[in-house]
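Single-structure report; data block below.
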Amino acid sequence: MKKNILYIAMACIALGFTACSDDPEDAVSKHVYGPDESPYLRADADATISLNAEFRKGHVTPKTVYLKDYAEQIQTKMKMTVDDMLAGIESGKVAFHSINTARGIWDMSAMTKGDGWWYNNNGAVVSNDGVASIELDKAAKALVLNVPEGSAAGLSMAANVGFAVVNGKDYDQYVRFTVNFSITDPGTIIQDITIPAGDYASYEFDLTSIENAINACFGMTSADFIATIANTENDIAMYLADDNGNWDTTSGYTAGGIGLWVDVDHKVCNWSGNGYAAGNFYYIETHADDKTVGIGRAPGVPSGTKAKVHFVYASKSDATRFIEFVLNATFE
């Protein structure tokens, strides 16, 4: 009896060995994702490109990120050029999707803003009324980053998109863009001022007193800023702003140097020669030698008159670099 049991055990062991396969896929097969599933996001720090998209409250302009600037990383991770990658989207060889980092998956949601998506404060795709957006501009070979006009300062969130090789199994061969969105308001100077009595008398705003704001907005010291606004040919210009924060970038200077005469309708005007009676109200004038910007009165402005003097100094080459003045003026 014992001999029979031994034979049976040996036979079972032999059958067990013959059932084994040398193919590792027979042991543990990786899940193959179907067209209606969201592939998991394989962690790969080297495939992740981090971008900072800082917008200024009150003057939002889209930011363009050119993919050619990351061509080497795309070539390394996806084994293709930027042109090949974009062509692959059209042929179906490359996928372009949002990424849900909270769940660690590729988000297969349909596009909700052009060739891209709106995102909420948590970085999740929403159908509309998002706080930020990422779109693919195939013609420009770029990602376009934006936030809605009128967005309040304080936004801080991240959204993710990626390009992945479609191999029928997973999205493990990819590049990912993590965009850190923020809206800041470092350079709005709001202050009450009093303009002294007397024809052409002015209040002189000390530009050295806003050193931190100048540095935050322009990346320069107040001394460098003042030296730049001393010459109308340099990169920083003065623009009058209306109540909605829109800049008048078309009017030329009508006061001394970088300066403007403003009429009773708060529009840029020329000096009439007859002061307030002819519509002239006040002037804004850069006084670089004194390190100030002066706000002065036209002859004839009645005592006690009030005005909101609203203007900016802004870079001509990069409109996101500016400092805004909202000065509530009382004329003595």
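The values are calculated or read from the model by the stated rules, or taken from the named source; none is laboratory data. Here the structure is a predicted model, which means the values were calculated and not measured. FYI the Cβ positions are ideal-geometry reconstructions off the backbone, even for glycines, and counts take in every protein chain you see.
Overview of values
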item	result
Answer residue from the stretch 186-235, given it is in a loop (DSSP other than H, G, I, E, B) and surrounded by 14 or more Cβ atoms within 10 Å (Cβ to Cβ) and is nearest to the chain's Cα centre (by Cα) among those	P186
Subset of the stretch 125-157 that is modelled with pLDDT under 95 and hydrophobic (A, V, I, L, M, F, W, C) - its residue that is surrounded by the fewest Cβ atoms within 10 Å (Cβ to Cβ)	A152
Among the candidates G168, G114, residue that is under 25 Å from K68 (Cβ atoms), small (G, A, S) and part of a loop (DSSP other than H, G, I, E, B)	G114
Selection status of A277, of a type in the set (A, V, I, L, M), at pLDDT 95 or above and at negative phi	no
Residue list for the stretch 292-327, filter: farther than 15 Å from V264 by Cβ and among the aliphatic types (A, V, I, L, M)	V293, I295, V312, A314, A319, I323, V326, L327
Whichever residue in the stretch 167-179 is of a type outside the set (D, E, K, R) and surrounded by 16 or more Cβ atoms within 10 Å (Cβ to Cβ) and, among such residues, is farthest from Y119 (Cα to Cα)	Q173
I74, sole failed condition from (1) part of a strand (DSSP E or B); (2) crowded, with 17+ Cβ neighbours inside 10 Å	(1)
Test: residue in the stretch 224-235 that is of a type outside the set (S, T, Y) and touching a Cys at 6+ places or on another chain (Cβ under 7 Å)	no
